[in-house]
Amino acid sequence: MFQRVLIANRGEIAARVSRTCRRLGIESHAVYSVADADALHVREADGATHIGAAPVAESYINVDAVLDAAVQAGCDAVHPGYGLLSENGHFAQACDERGITFIGPAAAHMELMGNKNQARATMRDLGMPVIPGSAATVADDDAEAVAEEVGYPLLIKASYGGGGIGMATVKRPNQFSRSLRRARSSALRAFGSDEVYLERLLVEPHHIELQVFGDGQGNAAILGDRECSVQRRHQKVIEEAPAPAPHLTDELRERLYDQVRSAVAGLNYQNAGTVECLLDASGEIFFLEMNTRLQVEHPVTEMVTGLDLVEWQLRIAAGEPLTELPGYGDPPPISGHAIETRIYAEDPETLLPSPGSIDVLEVPDEPWLRLDAGVASGDEVSHFYDPLMAKLIVYGADRPEALERLRIALDGSRIEGLKHNIPFLQRVLDAQPFIDGNYDVTLTDGLLKS
Amino acid sequence: MADVKSPMAGTIFELIAAVGDAVEEGDELVILESMKMEIPVEAPSDGTVAEIHIAQGDQVQEGDVLVTLSE
């Protein structure tokens with residue numbers, strides 16, 4: 001096992017990785033930008049290195065600065081968290097070249113899944129159903145003909161995209177060429193490539209995802225599913241495990257798990273990953289993309305399995321086989337229900353960012369409540385970074401109990417000093433489709449209009 | 001004269017307006033980047049861009065004057 005792990009991230013996830021390291025007797029080493037000198041993730045680590053200015057390009061995603069810090073601090077492994085460098089194949093390779101273990105998948109798998117169009121083709125060849133769409137990236141001269149084949153309404157998506165950027169919905173053929181131009185220019189600006197592909201737009205789909213693990217030795221495990229259909233700006237706000245979607249039947253679940261398990265084993269995938277799918281109203285499920293890292297919403301899976309996924313990541317990176325990990329079971333032990341809400345520093349009406357300082361951040365102290373926070377009372381929420389302040393996760397014996405506890409948790413939380421989205425989360429909690437456990441990705445559209 | 005202020009702390013991502021431009025209510029003057037989001041700052045009324053107080057890459061605080069419009 002590793003002696004000292006550098007955590008190449010900030011905020012709640014860096015603090016969370018530190019906690020597991022401490023429990024396992026591993027020293028954690030933080031990195032920080034000027035803006036984060038006094039941040040919680042630095043206070044929670046055993047050591048820390050300043051790596052640059054506040055903008056992420058000058059600090060957290062500066063490969064050389066992060067790796068120099070790891071070498072100078074004598075770290076033998078790097079945990080990338082999520083976002084930032086976590087899906088950057090060059091970074092994983094650079095770690096390898098400097099004799100430091102990258103805690104994550106092989107660079108080749110990160111690159112394969114990073115190209116969304118290639119990922120689709122790969123998963124289709126491995127037996128997963130994919131959303132009908134263009135076979136490859138589209139060129140300007142035959143794009144309209146391909147669009148006719150795919151059928152309207154459709155989505156234009158960036159090959160190297162994510163987070164809803166470079167994505168355009170096209171309802172009618174006469175909107176296509178203008179949307180294509182706009183999608184290409186925003187993709188080029190955000191991802192450095194204007195490659196796009198087309199996908200049929202599913203009507204009111206549910207976002208369902210599977211937590212997977214592979215050990216690079218041919219073993220694969222599926223640690224259950226999550227539903228993440230509560231989104232704003234194509235980003236998740238509330239996630240739960242197991243997925244409550246009523247048309248995700250036991251039979252469909254079993255078929256999906258088998259397909260994903262054999263695909264992950266077929267890739268000889270190593271470490272944690274998430275296979276994201278869309279489930280349409282007719283009960284058909286399609287592969288959407290694979291995230292080659294730990295997911296923001298991994299705590300709901302931890303709550304229903306009792307596992308520590310960061311511990312699994314560390315042990316697999318250290319060469320331990322999947323079947324010998326603590327808590328491993330086939331099928332994995334899943335009981336109860338967990339729901340996570342993301343607490344963002346943003347206006348609860350407009351959902352626009354609201355950076356500032358936190359005078360008070362308090363949540364009820366309950367055994368069924370988990371708070372993964374990146375900030376505490378007295379801290380600053382900087383405009384340089386994502387508005388995620390904390391994740392509040394509740395556990396219940398079943399979904400109704402989890403819902404009731406979530407209401408108690410949100411009603412009893414106090415955040416003062418800046419605007420936050422708890423009032424918005426409470427509106428979601430009051431929405432009938434959410435209470436019924438039958439809501440799709442359009443749920444928040446209705447809540448914002450009203 | 002009307003001052004167009006920054007709605008929140010952030011970085012000036014893109015300056016769209018130039019001094020002398022005639023703008024209509026709702027036209028985008030500046031794109032502000034805050035918390036990984038691009039937020040357009042729009043003209044609150046019709047007018048002409050009289051003064052620009054910021055440059056691309058500048059850090060601004062909530063309430064800082066970005067652009068001044070004349071009637």
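Bear in mind these aren't lab numbers, they're just calculated from the coordinates by the rules spelled out. All figures in this text were calculated on a predicted structure; none of them were measured in a lab. Glycine gets a Cβ as well: all are built from the backbone with ideal geometry, and neighbour counts include every protein chain shown.
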Report task. Excluding residue A:415 itself, calculate the net charge of residues whose Cβ lies under 12 Å from the Cβ of residue A:415, where each Lys or Arg counts +1 and each Asp or Glu counts -1. Result -> -3
Report summary line: For peptide A:344-352, the mean count of other chain Cβ atoms within 10 Å per residue Cβ is 2
Query raised in the report: Residue by residue through region A:61-67, which ³J(HN,Hα) values in whole Hz follow from phi under the Karplus form 6.51 cos²θ - 1.76 cosθ + 1.60 (θ = phi - 60°), with glycine and proline marked x?
Result: 10, 8, 3, 5, 5, 5, 6
Report summary line: The exposure ranking of A:186, B:70, A:413, fewest beta-carbon neighbours within 10 Å first, is B:70, A:186, A:413
Report summary line: The FRET efficiency for residue A:255 and residue A:398, from their Cβ-Cβ distance with R0 = 22 Å and rounded to 0.05, is 0.35
Query raised in the report: From the phi of every residue in region A:261-271, what ³J(HN,Hα) in whole Hz does the Karplus formula 6.51 cos²θ - 1.76 cosθ + 1.60 yield, where θ is phi - 60° and glycine or proline is x?
Result: 4, 6, 5, 5, 5, x, 7, 6, 5, 10, 6
**Report entry** Long-range amide H partners of residue A:48 with built H, under 5 Å
**Finding:** A:30
Query raised in the report: With a sphere of radius 9 Å drawn around the Cβ of residue A:289, what net charge do the other residues whose Cβ falls strictly inside it have (Lys, Arg +1; Asp, Glu -1)?
Result: +1
Requested in this report: Can you grab the distance from the C-alpha centre of region A:239-277 to the C-alpha centre of region A:1-26, Å, no decimals?
Outcome: 27
Requested in this report: Can you bin region A:25-67 into rounded, prolate or oblate? Criterion: square roots of the alpha carbon gyration tensor eigenvalues sorted a ≥ b ≥ c, rounded for a/c under 1.5, prolate for a/b above b/c, oblate for the rest.
Outcome: oblate
Query raised in the report: Among all lysine pairs in chain A that are eight or more places apart or on different chains, how many have alpha carbons less than 30 angstrom apart?
Result: 16
Requested in this report: Please list, in chain and number order, the residues 5+ apart from residue A:271 or on another chain whose amide H is under 5 Å from its amide H, with Hs placed from the backbone.
Outcome: A:214, A:215, A:216
Query raised in the report: Computed FRET efficiency, Cβ-Cβ of residue A:447 and residue A:169, R0 30 Å: what is it to the nearest 0.05?
Result: 0.95
**Report entry** Three-way shape call for region A:23-102 based on the alpha-carbon gyration tensor, with the a/c threshold at 1.5
**Finding:** oblate
Query raised in the report: What is the sum of charges around residue A:244, taking Lys and Arg as +1, Asp and Glu as -1, for the other residues whose C-beta is under 9 Å from the C-beta of residue A:244?
Result: -2
Query raised in the report: How many angstrom separate the Cα center of region A:152-176 from the Cα center of region B:6-71?
Result: 28
Report task. For every helix of n ≥ 4 consecutive DSSP H residues, a contribution of -39,500 (n - 2.57) applies; sum these over the protein assembly as shown, divide by its total residues, and give [θ] at 222 nm rounded to the nearest 500 deg cm²/dmol. Result -> -8500 deg cm²/dmol
Query raised in the report: What's the average, rounded to a whole number, of partner chain beta-carbon atoms within 10 Å of each residue's beta-carbon in B:36-43?
Result: 3
Query - Relative contact order (%) - chain A, alpha-carbon pairs under 8 angstrom, separation at least six - result: 14
Query - For region A:328-340, Karplus couplings with θ = phi - 60° (6.51, -1.76, 1.60), whole Hz, Gly/Pro x - result: 4, x, 10, x, x, x, 10, 9, x, 9, 10, 10, 10
Requested in this report: Name the shape class, rounded, prolate or oblate, that the alpha-carbon gyration tensor gives for the protein assembly as shown, where a ≥ b ≥ c are the square roots of its eigenvalues, rounded holds for a/c under 1.5, and otherwise prolate holds if a/b is larger than b/c and oblate otherwise.
Outcome: rounded
